[in-house]
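Please read the structure below before turning to the comments.
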Amino acid sequence: MSDNPTPPRPAPEPAPVAAEDQSTRRDKQTRQDRQDRQPSRDRQPQRDRQPPPDRQPPPDRQTPPDRQTPPDKNAAQGKNAARDRSATKDKGAAQDKSATKDGARQDRSARQDKSAPRDKGAGPPTRPPRRRRPRFSVERGWFPPLGSKGKVALVVSVLTGLLTHGYHLFRYPLYLTDEGIYMQRAWSVLRETSLSPYTYDYDHAPLGWITLAGWVFPLPKQFETFGNAINTGRFLMLLVHLVSVYLLFEITRRLSGSVLAATIAAFLFNVSPIAVYFQRQVLLDNLMILWLLLSLFMLLRREVTIRSVFGGGMALGIALITKENAIFFVPSFMYLLYRRVKGSASHRFTSTLWPFAAFAPIGAYVTYALLKNELLPSGFDFDLNNPPADHVSLLYTLWWQLNRSQGTLFSHTGLLQTSWLVRDKYLLIAGVCAMLISLWLGMRDRKRNLGFLISGTLAFGYAFYLVRGSVVLDFYVTPLIPMLAINVGMVIDRMLTGSFASRFIRGAHSMTRVALPSFVALLLLASPASGYLVHTNTEGHTQIADQYQSKINLTGMQHAQIAWVRKHVPPNSRIIMDDDLWGDLHDVRPFYPYAHSHWNASSDPDVRDKLFRKKWQNVDYIIMSNKMRKSMDTNNSDGRENWILQALRNSTRVWSQTQGNIKLEIYRVQ
């Protein structure tokens, strides 16, 4: 046996009080009985004691019998003392082993006593520890798991978006001018391998309609797969919206740590009338939203890896060359990246990689203009009163767009009063209030409320772009909708989380958090004043909202207009029209190669000077879309459309159709 005793093992965790008293008494009695039954080496006779085997000398060194000396008294006493010390060590080792076994037995008996019925005289049981809430931190990537309820809410949100945006998609709203422009340029990418069938003046970055061309190219009938060019583009917008719903849900959940906030944001993003109206249309803003949400989603991964940083930067760069006003979201993205990589070992590398990835698509766009010698204006002249005549310029167009101005957005004739609040005042007002609350919460505690700070600054940055006084079109509000929805969802979740203090309501807290938002959602859907599901028509009757009304077929009026043209107008006629019909007249036989929009007929030199020669007598037909006359007057500030207006005054109306406040006409020029 080794000279060193077995080291004692750590003591087991203490059991509950009652169980510990019983097991301690029983173990002491068991240990006493075992010691009584075990014979001690000290009680053995002196003759039975033998030195341990390892202490006996080897046989070759033992003293022969004839040379052995009589035992000395002192030597005998020393040997007896050594044997006593050895026996004491052996006894201590045996006791240590016995104690170890007794500790294991005590642990097993304690577990058995927990399951056994408690004695009447025993003390109260120890209260189990409370479950800690999952840790949540946007900065460190500590996001709660989605869970089964979250998965159900996500699936319901995506299906809701499919229903609200997919139903009535090809009938409402009316085909608009910008939809026709983007599909016209996508047609040029496929048919002519150029960015525009006319002179490309860098009014918009081209990746949006390049994406449309990439979507159309593999389809069996390409632009006519879903009936016409704009319908084909609208189906892509439906797919874009569904992906955006998923990204919006996950972004809101990770910024707030709440499935309820994500569900509310997705509901508003899906059902809001202003969202349905603009997100069904073929707009660059919808594609830009998709890339922005993807970039934000990549920065909100659990771990900030090189792949996520590079992907997030690339997605932001693609959003910027899809539509330039995505630049107003960049400060929020930069601050989020700074907080996510702060203190990490690779923060310098990731902080450099992200802007490099974001600038790569922009650099390709600038390089394209540089190779075509269209980056700078001739003579480096940025005079807005005298645009360059020899070639277009990317930087000159950007300078011109920055210096455009119009009346204030808050006037009684502005878009805020005449369009946006009319379509959904509830989301806009509640969203602005939620944005201010998010900014206050985020600035108050930037460490704990980083999610509120990011959501508030995202909405505030783009709201500043809308109210700064430059030219704003109707659909420019589209990127603001998901940002307001995120803020509303997060603020409502915070209000429901921190406002219940009484013991009774705390017990019903989880049910109240779901019941109250559900009740508000039902009110929005059932109230005619909201227009979410029903509304009051011009006759004062409550009916299904226009976006879901099966009797309304606004695009059918435009189909009838095209049918009349194909039946009564020769293909070689010189036609002035709007861009919404361009694809139907140029991509479907019989082709109408001399049909051009009033925008290009008044500004493009090849069309204005070579085909029409700025003479109204060279116009055969004018196809009027809804509110086209107002657009012609607005575009005629410098008199460029005077000859077109004169042709309209010398024409006869040959076809007309009206539905509500929408009126379409066709004129034959005398």
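The values are calculated or read from the model by the stated rules, or taken from the named source; none is laboratory data. Since we're looking at a predicted model, the values are computed, not measured. All Cβ positions, even for glycine, are placed from backbone atoms using ideal geometry, and neighbour counts span all protein chains on display. Heads up: the accessible areas ignore ligands, DNA and RNA and are worked out on the full protein's heavy atoms, side chains in. Shrake-Rupley method; radii C 1.70, N 1.55, O 1.52, S 1.80 Å.
Given the conditions (1) assigned to a strand (DSSP E or B); (2) surrounded by fewer than 19 Cβ atoms within 10 Å (Cβ to Cβ), report the number of the one that I666 does not fulfil.
It fails just one condition, (2).
Does T352 satisfy the condition of being in contact with an Asp or Glu (Cβ under 8 Å, 6 or more places away or on another chain) and outside any loop (DSSP other than H, G, I, E, B)?
So T352 does not fit the description; no.
What's the number of the condition R513 fails, among (1) of a type in the set (K, R); (2) in the same structural domain as R171 (by TED's automatic domain parsing); (3) open to solvent by 70 Å² or more (accessible area, probe 1.4 Å)?
The single condition R513 does not satisfy is (3).
Out of the residues in the range 615-641 meeting the condition of being more than 48 Å from the chain's Cα centre (by Cα) and open to solvent by 20 Å² or more (accessible area, probe 1.4 Å), tell me which one is nearest to S573 (Cα to Cα).
Among those residues, the one meeting the criterion is D620.
Pick out the one residue from L320, L371, L290 that is over 25 Å from S137 (Cβ atoms) and free of Cβ contacts under 8 Å to residues at least 12 places away in the same chain.
One residue alone meets the criteria, L371.
Quickly run through the range 615-663 and pick out the residues that are outside any helix (DSSP H, G or I), without any contact (Cβ under 8 Å) to a residue 60 or more places away in the chain, more than 16 Å from D579 (Cβ to Cβ) and of a type in the set (A, V, I, L, M).
If the condition is that a residue be outside any helix (DSSP H, G or I), without any contact (Cβ under 8 Å) to a residue 60 or more places away in the chain, more than 16 Å from D579 (Cβ to Cβ) and of a type in the set (A, V, I, L, M), then V619 is the only one that fits.
State the number of residues belonging to the range 364-385 that are surrounded by fewer than 15 Cβ atoms within 10 Å (Cβ to Cβ), under 25 Å from R404 (Cα atoms) and among the charged types (D, E, K, R).
Matching residues across the range 364-385 total 2.
Filtering the range 552-586 down to residues that are assigned to a loop (DSSP other than H, G, I, E, B) and among the aliphatic types (A, V, I, L, M), which residue is nearest to N231 (Cα to Cα)?
Going through the qualifying residues, I end up with I552.
What's the total number of residues in the range 587-603 that are open to solvent by 10 Å² or more (accessible area, probe 1.4 Å) and part of a loop (DSSP other than H, G, I, E, B)?
Number of matching residues: 6.
If you take the residues in the range 425-476 that are at pLDDT below 95 and among the β-branched types (V, I, T), which one is farthest from the chain's Cα centre (by Cα)?
V471
Cβ-Cβ distance below 6 Å, separation of 6 or more or different chains: which pairs start in the range 394-406 with a residue that is of a type in the set (G, A, S) and end on one that is open to solvent by 80 Å² or more (accessible area, probe 1.4 Å)?
none
Checking the structure you have, find out if any residue of the range 605-614 is touching a residue at least 40 places away in the same chain (Cβ under 8 Å), out of contact with any strand residue (DSSP E or B) (no Cβ under 6 Å at 6 or more places or on another chain), among the charged types (D, E, K, R) and surrounded by 15 or more Cβ atoms within 10 Å (Cβ to Cβ).
No, the conditions are met nowhere in the range 605-614.
Name the residue, out of F297, F328, that is within 23 Å of I492 (Cα to Cα) and either among the polar types (S, T, N, Q) or in a helix (DSSP H, G or I) (or both).
Going through F297, F328 in turn, the sole match is F297.
Select from the range 391-434 the residues that are touching a Gly at 6+ places or on another chain (Cβ under 8 Å) and within 28 Å of L525 (Cα to Cα) and write down the one among them that is most open to solvent (accessible area, probe 1.4 Å).
R423
Can you report the number of residues in the range 263-307 which are open to solvent by less than 10 Å² (accessible area, probe 1.4 Å) and basic (K, R)?
Count: 1.
Just checking, does the range 192-215 include any residue being touching a residue at least 24 places away in the same chain (Cβ under 8 Å), of a type outside the set (G, A, S), on the phi > 0 side of the Ramachandran plot and out of contact with any Gly (no Cβ under 8 Å at 6 or more places or on another chain)?
Checked the range 192-215: at least one residue is touching a residue at least 24 places away in the same chain (Cβ under 8 Å), of a type outside the set (G, A, S), on the phi > 0 side of the Ramachandran plot and out of contact with any Gly (no Cβ under 8 Å at 6 or more places or on another chain).
Identify all residues within the range 530-551 that are among the acidic types (D, E) and not in a loop (DSSP other than H, G, I, E, B); write none if there are none.
D546
Residues I230, I210, I181: which one is under 30 Å from the mean Cα position of the chain (by Cα), closer than 18 Å to F591 by Cβ and assigned to a helix (DSSP H, G or I)?
Going through I230, I210, I181 in turn, the sole match is I230.
Out of the residues in the range 537-586 meeting the condition of being of a type in the set (D, E) and under 30 Å from L525 (Cα atoms), tell me which one is least open to solvent (accessible area, probe 1.4 Å).
Ranking the candidates gives D546 first.
Considering every residue within the range 233-240, establish whether at least one is open to solvent by 30 Å² or more (accessible area, probe 1.4 Å) and in a helix (DSSP H, G or I).
There is at least one residue in the range 233-240 that is open to solvent by 30 Å² or more (accessible area, probe 1.4 Å) and in a helix (DSSP H, G or I).
Picking from P361, P388, which residue would you name as being farther than 30 Å from L300 by Cα and either touching a helix residue (DSSP H, G or I) at 6+ places or on another chain (Cβ under 6 Å) or surrounded by 15 or more Cβ atoms within 10 Å (Cβ to Cβ) (or both)?
When all the criteria are applied, what remains is P388.
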